[in-house]
Amino acid sequence: MFDKLSSFLKVILNTDIVKVFSLTALSTFVKMLTGLITVKVIAVIIGPSGIALLGQLNNFYTIILNLASGGINSGVTKYIAEEKQSEEKLKNYISTAFKITLFCSIISGLLMIILNNFLSKIIMHSEDFGYVFIYFGFTIVLYALNNLILNILNGFKEFKKFVKVNIANSIIGLVFTLCFVYLWGLKGALISAVTYQSVTVLATLWMVRKLYWMKPEYFKMKFAPLISKQYLHYSLMALVSIATLPISHLIIRGYVISNISSTEAGWWEAMNRISAMYLMVITSSFVVYYLPRLSEIKERSELRKEIFTAYKVIIPTLCVGFFIIYILRSYLVNFLFTPDFYPMENLFIWQLLGDLFKIASWLLAFLMVAKSMTITFISTEVLFSALFTLLSFVFIKLNGIVGITQAYFINYVLHMITMAIIFRKIIR
């Protein structure tokens, strides 16, 4: 029995996904540590109500950044991974992506500057925060370019360089955010939330400057309409993603703020932030390894093997990790936040269960992105985001703020079942 277990562990530990997981562990740890410090400082200085406002801004941030990149991030990673042996194709893919990103980010920035008061009222439920959207409008081009470079780097499977760049970005972002929060409180937290990513582009450019594709000729080829059509599939998927879950979060949080209290909305946002931090360990490996790998694979048998290997590595790790988090939830809330946040302990069990099914379903759902299954992706995203919003309203009336996490759990159980049905041929 021991020999069989030892052999199984040896096989698992030698898989590529575990090697990449280990490689990204340091980057993830630094990102988590900087995130923990940032959350703690913000919680102490601005409290639950401020955290709720920051959550509203972060959801908008997710939406607009995807628009600014043209929604092509996953497409850039996929096509670079597929075409990296052909220099001419690479130049066309990179140049076209650069032009799309530049155009979309400039338009997005201008719209935010012009509509700053309107956005402040709609997103922040007040006209006092227009300045945030003006700052964001002026800096969004830099963020979009930084994101493009990182996705190109990921497509080339430059794992070590990718990890180093992310570590540098995390540390710079932490210093930037802490300085702003310390100097200007809530105002500094809001401004840093929408501008720190733009500052990190300088570090990214410096660290990738010697790579062979960081040359002018890779960015100044003519715009390629055929390649832009290929990217369009990913733009559509990205647009649907940013028009569904983040918007459902905005609607749900706005409902809680209006009908219950901004304090309880802050508890839910704090739970979302903890969830995002521990899931970062898994999702970082998805981005760095899983998507490029699935994009490369052509044979169904090899695809099945890769997916089942991911399940054998990730799901047991999550179960152990989530059990530890649940046992230590009181200490975690005390460490990260303030006594005002203690009631959020009731959210953990349903959030953790929901996250387990979320990752289990994502292991299959990533196939839709890797294989350009645009219609299927759009349909499922719209359906389950709408379902989450509807379930949240129902369960909030039944159980208060805990009802949102219960709705989250049910939603991802159903999502997992749907993914299993869609990809049943591969699973079998």
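Excluding Leu352 itself, what net charge comes from residues whose Cβ is under 14 Å from its Cβ, given Lys and Arg +1 and Asp and Glu -1? If you can, show how the numbers build up before the last one.
Working: positive: Arg329, Lys358; negative: Glu345, Asp355.
That sum, taken over residues with Cβ under 14 Å, equals 0.
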Solvent-accessible area, 1.4 Å probe, carbon plus sulfur percent, for the chain: 69 percent
Separation between the Arg209 and Lys222 pseudo-spin-labels, each 7 Å from Cα along Cα→Cβ, expressed in nm? 3.3 nm
If Lys and Arg each add +1 and Asp and Glu each add -1, what is the summed charge of the other residues whose beta carbon sits under 14 Å from the beta carbon of Ala270? 0
Can you give me the relative contact order of the chain as a percent, contacts being Cα pairs under 8 Å and 6 or more apart? 23 percent
Measuring from label point to label point, each 7 Å out along Cα→Cβ, what is the Ala276 to Leu232 span in nm? 3.3 nm
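Sort region 76-177 into rounded, prolate or oblate with this rule: let a ≥ b ≥ c be the square roots of the eigenvalues of the Cα gyration tensor; rounded if a/c is under 1.5, and if a/c is not under 1.5, prolate when a/b is larger than b/c, oblate otherwise. Mind showing how you got there, number by number?
Values: a/c = 3.66, a/b = 1.77, b/c = 2.07.
Judged from the Cα gyration tensor, region 76-177 comes out oblate (a/c at least 1.5, b/c at or above a/b).
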What does the charge count around Val30 come to, taking other residues whose C-beta lies under 15 Å from its C-beta (Lys +1, Arg +1, Asp -1, Glu -1)? +3
Counting GluC sites (Glu not before Pro) as exposed when in a DSSP loop with at most 13 other beta carbons within 10 Å, what is the longest stretch of the chain free of them? 128-298
How about region 100-141: which chymotrypsin sites (Phe, Trp or Tyr not before Pro) there lie in a loop by DSSP and see at most 14 other Cβ atoms within 10 Å? none
Going by the alpha-carbon gyration tensor, a ≥ b ≥ c the square roots of its eigenvalues, is region 385-426 rounded (a/c under 1.5) or, if a/c is not under 1.5, prolate (a/b greater than b/c) versus oblate? prolate
Under 15 Å from a point 7 Å along the Cα-to-Cβ line of Thr62: which residues of region 401-426 have their amide N that close? 405, 408-409, 412
Classify region 278-428 from the C-alpha gyration tensor, please: rounded if a/c falls under 1.5, else prolate or oblate depending on whether a/b exceeds b/c. oblate
At 1.4 Å probe size, with every protein chain present, just tell me what the per residue accessible area of region 303-381 comes to in Å². 45 Å²
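Accessible area per residue for region 38-154 in Å², computed with a 1.4 Å probe and the full protein assembly in place, what is it? Working shown, then result.
On the way: 4300 Å² over 117 residues.
Ligands and nucleic acids excluded, the result is 37 Å² per residue.
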Taking a 26 Å limit on the Cα-Cα distance, which of the listed pairs Lys371/Lys425; Lys161/Lys229; Lys78/Lys222; Lys89/Lys157; Lys161/Lys305 fall beyond it? Lys161/Lys229; Lys161/Lys305
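The values are calculated or read from the model by the stated rules, or taken from the named source; none is laboratory data. Just so it is clear, the model here is predicted, and its values are computed rather than measured. Every residue, glycine as well, gets a Cβ built from its backbone with ideal geometry; the counts of neighbours run over all protein chains shown. The protein model used for the area step is the full one, side chains on, heavy atoms only, and it has no ligands, DNA or RNA in it. Shrake-Rupley method; radii C 1.70, N 1.55, O 1.52, S 1.80 Å.
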